[in-house]
Structure formats: C-alpha cells, structure tokens
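For reference, the structure discussed in these notes is given below.
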Amino acid sequence: MSAPELIDAALETLIVPSFTRIGLSTRRHLFSWRSLDSYDLSGRVVAITGATSGLGRAAAVQMAHDRATVIVLGRNRDKTERVAAEIRTETGNPDVSATIGEMSDLTPEAAREAVE
C-alpha cells in the first residue's frame, strides 16, 4: 500500500476527519485532485434534484459556475423558480432553468399532477 493510500485509510478509520475539510484538503493534495473551478462543462446539461437547498443547491451553483446548462428540479414551483433565478444571478450563467417534479413518486398519476 502506498503512503497516500495509508493516509487515506487512516482518515477512513477515524471516520470524522474523513468527512471534514481536513479529509478533503488532505485527499486533494495526496491524489492531486483538480479544483472544481477548473472544469469547463460548456455544452453539458445537468438536471439536479433537490437543488433548492443544501448539497443539491451547492452542486447546481458549482456546475453553473462551470458553464453547464443547469436544470433545477424541485417540488415547489415558487421556490424552485426563485432558486434558479438566484443561481443565474450568482453565477452569471443564463442557462439555469427551473422544472417542477416530484421524484419520490414516479407513478403516471403523480407525473400528470406535476404537469397540471
């Protein structure tokens, strides 16, 4: 096992540091991870569920920064449209749109209700 792999295994064993900035920073240096800002996602389309808050929103913002076409998918029309507008403003990316959908219920009836 290489030195970077041993350090990574130690972080995993301790659990808590593995999921903090310490783990991220350490792995970034050990494995030469590229900065997320260095990616160019022009021409890519991403649909992100749960993009109105938390990790989903953070992912939508990062991908919009990286010039992807981003579809913010949420359940609440007003909130989803507001968040898409905020992300457009925050990132300067005009290719951020809102789509309404309930992903926890994939029955045909739920799909019809979401469109109505």
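Numerical summary
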read-out: Candidate set from the stretch 36-77 (those that are of a type in the set (Gly, Ala, Ser), assigned to a loop (DSSP other than H, G, I, E, B) and modelled with pLDDT of 95 or more); member that is most open to solvent (accessible area, probe 1.4 Å); value: Gly43
read-out: Hits in the stretch 18-36 (condition: farther than 19 Å from Leu55 by Cα and not aliphatic (A, V, I, L, M)); value: Thr26, Arg27, Arg28, His29, Phe31, Ser32, Trp33, Arg34
read-out: Leading residue by the ranking (surrounded by the fewest Cβ atoms within 10 Å (Cβ to Cβ)) among those in the stretch 78-116 that are modelled with pLDDT under 95, polar (S, T, N, Q) and closer than 16 Å to Ala47 by Cα; value: Ser104
read-out: Meets criteria (among the β-branched types (Val, Ile, Thr) and in a loop (DSSP other than H, G, I, E, B)) for Thr80; value: no
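The values are calculated or read from the model by the stated rules, or taken from the named source; none is laboratory data. Since this is a predicted model, take the numbers as computed values, not measurements. Glycine gets a Cβ as well: all are built from the backbone with ideal geometry, and neighbour counts include every protein chain shown. With ligands, DNA and RNA removed, areas are computed over all heavy atoms of the protein, side chains included. Shrake-Rupley method; radii C 1.70, N 1.55, O 1.52, S 1.80 Å.
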